[in-house]
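Down below is the structure, laid out as structure tokens.
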Amino acid sequence: PRTEVVVTVPLEDRNTARLGWLGSISDRAATLAGCDAGITRVDLDQHGVPTAVSATKRLFTGAVRKAIIVRDQCCIKCGAPASWADCHHIIHHADGGPTILDNGCLLCRSCHTAVHHQGWEVIMGHDRHPWLIPPATIDPRRRPQPAHNRRTLRLDAAA
């Protein structure tokens, strides 16, 4: 993973998960922080001593990430270089989405935030390429758009 997120969870109050550099966080915040990272859970006793450590959950392996980079080439929304992009689960990992080529796409940090917080959706098309669905505020009909690296493809280009 690009980074590792360590979440500590007190056994006496399981609703107060913490990130060492941030403090208390919600389950949703932990999920978002770990979108392109490994997540390790550390259970703590009442004295703050670890009682259990989970195996790190690796989200996208190097091989799958490379395959996504070959397919997408860049951020699927804005075209930022692949080296700036995270691998995003189309069906979120926390919701049971598998960590496979057909469930991943490249999104730069800004576009990743837009997908998580501004109403953009990503779907996998019948062509096994990701497509973006804009929020209704941008396109009331919410017509799917091809990934950035495929937007110059035109049906009349061969003519």
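The values are calculated or read from the model by the stated rules, or taken from the named source; none is laboratory data. Predicted model, so just to flag it, every value in this text is computed and none were measured. With ideal geometry, Cβ positions are generated from the backbone for all residues, glycine too; neighbour counts draw on all protein chains shown. SASA here: full protein model, heavy atoms, side chains in, ligands and nucleic acids out. Shrake-Rupley method; radii C 1.70, N 1.55, O 1.52, S 1.80 Å.
Basic side chains Lys and Arg get +1 at the Cβ, acidic Asp and Glu get -1 at the Cβ, and with that the dipole of region 62-157 about its Cα centre reaches some 220 debye. Of the listed residues H112, H126, H117, H93, the order by accessible area with a 1.4 Å probe, largest first, is H126, H117, H93, H112.
For region 82-155, the share of accessible area belonging to carbon and sulfur comes to 56 percent (1.4 Å probe, ligands and nucleic acids excluded). With the simple spin-label model, which puts each label point 7 Å out from Cα in the Cβ direction, the T61 to A136 separation comes to 4.2 nm. The mean accessible area for residues of region 62-157, using a 1.4 Å probe and ignoring ligands and nucleic acids, is 56 Å² per residue.
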